[in-house]
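Values in this text are rule-based calculations from the coordinates and carry no lab data. What you see is a predicted model; the values in this text were computed from it and never measured. Cβ placement follows ideal geometry from the backbone for every residue including glycine, while neighbour counts extend to all protein chains displayed.
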Amino acid sequence: MSGLHHVTAIAGDPIRNFAFYTRDLGLRFVKKTVNFDDPGTYHFYYGDETGRPGTILTFFPWAGAPAGRRGVGETHQTAFRVPQRSLGYWTQRFIEKGIAYEALEKRFGESVLPFTDPDGMALALVGVPGAENEPGWSNGEVPAEHAIRGFHGVTLLLDSAAKTAGVLTDVFGFEETAREGSVIRFKAPGDAEGSVVDIYEAKGFLRGHQGGGSVHHIAFRAADDAEQGKMAQRLVSNHGLHPTEQRDRNYFRSIYFREPGGVLFEIATDIPGFAVDEPVATLGRDLKLPGFLEQHRKQIEDVLPSLEESVS
Ligand code: ZN
């Protein structure tokens, strides 16, 4: 297993975030839970129908979060893949919904439609040949044929690429596949989805500052604890990097480390997945809490804003 597992970002208003990703972008809400380290706030998970690794974008929505500033040492853009012929549909939808977008551009031969979410998070849709053959999930508004199929990948803005490239290739098995201007493209081996990491090398640029609209961290896939353990060993022995102890995130188990370019990386297991505490048919419907927070459910529910009125 390799490639991206999930991307986690910071948002402002939770209701606005929920409406944008479920209604406007048509992602499935696969888990409604809280930030385990700050249980008075939500943690939202969006993805495909079952929440497969490589489709999961998650948010810590903090009402009133100050906006971040994009810069070096951060994720610069998060891209989803759609069928090539769907880019026209999405451009039209962005116009209708008043979503800020930029002109279509070409990167590494692919058509890219950059846009931003309500917090200014830098996103893009990439038209990918063959994506039309992957199953799409419809929210009832975006037709399944045009649905987002999962991540295309992320772009990291770094002062220098070399050490980060070493981690990508040696620990995660990525390969450098192309260069274009100041951007180096890495891909996970095989046909892994959500498998692209572009490093945009921008020596001397201003450092980024995290806030609303910033990516908080990027998680890479490990099949299970054993594979995660091997990756951790390589980080220590080959790169002098020391990941955290494993933390149980209920839907996956994670270790974290700061990669040499400054971006927070996570290694998350594919198991047990999002159907561990509710059936696929009703993913995202109920507030799910880890065992240690169940006793505080009433108190937690009282402080979280309701999403119900925003669904209409
Ligand atoms: Zn994470």
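Data for the structure
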item	result
Longest DSSP-loop-exposure-free segment, GluC sites (Glu not before Pro), the chain, at most 15 other Cβ within 10 Å	142-244
Percent of C-alpha pairs per 10 Å bin, region 22-175, short to long	10, 34, 37, 18, 1
All-pairs alpha carbon distance profile, the chain, 20 Å steps from 0, percent	34, 61, 5
Most mobile of Ala226, Ala275, Ala131 in a GNM of the chain (Cα contacts under 10 Å)	Ala226
Loop sites in region 258-291: trypsin sites (Lys or Arg not before Pro), DSSP, at most 15 other Cβ within 10 Å	Arg285
Percent of beta bridges antiparallel (DSSP, the chain, rounded to nearest 5)	65
Cα-based reach from Lys187 at 17 Å (exclusive), listing lysines while leaving out same-chain residues under 8 positions away	Lys163
Per-selection metrics, region 81-124 (Cα): Rg and Dmax in Å	10.4, 29
Packing rank of 154-160, 235-241, where each peptide gets the mean count of other beta carbons within 10 Å, highest leading	154-160, 235-241
When the convex hull of its Cα atoms is projected in every direction, mean area for region 166-262 (nm²)	7.8
Mean residue ellipticity (222 nm) of the chain, computed from DSSP H runs ≥ 4 via -39,500 (n - 2.57), nearest 500	-4500 deg cm²/dmol
